[in-house]
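A.B. asks: Got a structure for you, questions after.
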Amino acid sequence: MKLPRTIAALGALFLSLLAASTTNAFDTVVLDPGHGGIDEGTAWYRVKEKDTTLAVALRLEKLLQNEGIKCVLTRRTDTYISLDDRVKIANRHPHSLLLSIHFDASSRTGASGFSTYYFSQSPSGRFVAQTIQEALDESHDTPNRGIGSQDYAVLVRTLGCAVLVECGFLSNKAEAGQFASAEGQQWLAEALLLGIVRAKPIIINDPPETQIAKCEVYAKRLEEKEHQRQAAVAPAKSGTPHKPASKKK
Ligand SMILES: [Zn+2]
């Protein structure tokens, strides 16, 4: 039984969440270029998600520095960083905004546009997501697919305000070409900067319920993981193979 370890991990998270007050009053932006190294993300037309996310993050870092906004990257090179390590890096800066940068893909290759995600019970996350989404909408003519709530690990386990942007569809040939180009990456970085700069002075505090809800989601995930681990080591009682859980961002 590994439950004590699970409970200890959960207890540590709970205490750290109680100690932190989630707000978008951030003094640092943690840029999280999705994927990296052996994890290429989605790849279409020889454009790899891990490369476009990093290129946009490096451009955005320069723009933020020009604005005098402190900026930290979860990776600066083509290396694999686990979700745990991404969260750890963000949580070294509890008064930060975590901006996780990704690109979408669909088997319907005509799909296009951008969307921004936040943790469902985080008003600060929702506000920043909406502000960034509006900035992207003003800056470009690809479809605005709106904001949405998700329980991605980087949104649930980050102590500060956190959003995840799906900047466009690499499965769409036109968008893949655009975001593989320096111009497209610069446009994106400038639009994300605009959203961040607009969101920064308007302070939205999350209620204590946000932290409790994050703990509950995380606890449920740990429990599921534990059940899967036990199922994997237990002798098979039926012919049904165990399916591993899909990876959460
Ligand atoms: Zn991704």
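The values are calculated or read from the model by the stated rules, or taken from the named source; none is laboratory data. These figures come from a predicted structure and were not determined experimentally. Cβ sites come from the backbone with ideal geometry, for glycine too, and all protein chains shown count toward neighbours. Side chains are part of the model used for accessible areas, which takes the heavy atoms of the whole protein and leaves out ligands, DNA and RNA. Shrake-Rupley method; radii C 1.70, N 1.55, O 1.52, S 1.80 Å.
A.B. asks: Looking at the structure I just gave you, is Asp104 open to solvent by 70 Å² or more (accessible area, probe 1.4 Å) and of a type outside the set (Lys, Arg)?
C.D. replies: Answer is no for this residue.
A.B. asks: May I pose another question? Pick from Glu209, Glu223: which is assigned to a helix (DSSP H, G or I), open to solvent by 60 Å² or more (accessible area, probe 1.4 Å) and at pLDDT 90 or above?
C.D. replies: Residue meeting the stated conditions: Glu223.
A.B. asks: Right, another one. With respect to Val30, is the statement that it is in contact with a Ser or Thr (Cβ under 7 Å, 6 or more places away or on another chain), among the β-branched types (Val, Ile, Thr), touching a residue at least 12 places away in the same chain (Cβ under 8 Å) and buried (at least 19 other Cβ atoms within 10 Å of the Cβ) true?
C.D. replies: yes
A.B. asks: Something else now. Would you pick out the residues in the stretch 139-170 that are within 16 Å of the ligand (Cβ to nearest atom) and in a strand (DSSP E or B)?
C.D. replies: Arg145, Gly148, Ala162, Val163, Leu164, Val165, Glu166, Cys167, Gly168, Phe169
A.B. asks: Looking only at the stretch 124-139, filter to residues that are out of contact with any strand residue (DSSP E or B) (no Cβ under 8 Å at 6 or more places or on another chain) and open to solvent by 20 Å² or more (accessible area, probe 1.4 Å); which one of those is nearest to Leu159 (Cα to Cα)?
C.D. replies: Phe127
A.B. asks: Applying the selection to the stretch 56-89, what residues are closer than 24 Å to Ile132 by Cα and within 14 Å of the ligand (Cβ to nearest atom)?
C.D. replies: Passing the criteria: Val56, Ala57, Thr74, Arg75, Leu83, Arg86.
A.B. asks: Against the definition (assigned to a helix (DSSP H, G or I) and surrounded by 19 or more Cβ atoms within 10 Å (Cβ to Cβ)), how does Gln185 come out, yes or no?
C.D. replies: So Gln185 fits the description; yes.
A.B. asks: Being more than 20 Å from the chain's Cα centre (by Cα) and not β-branched (Val, Ile, Thr) is the filter; apply it to the stretch 140-170 and report the residue that is most open to solvent (accessible area, probe 1.4 Å).
C.D. replies: Among those residues, the one meeting the criterion is Asp141.
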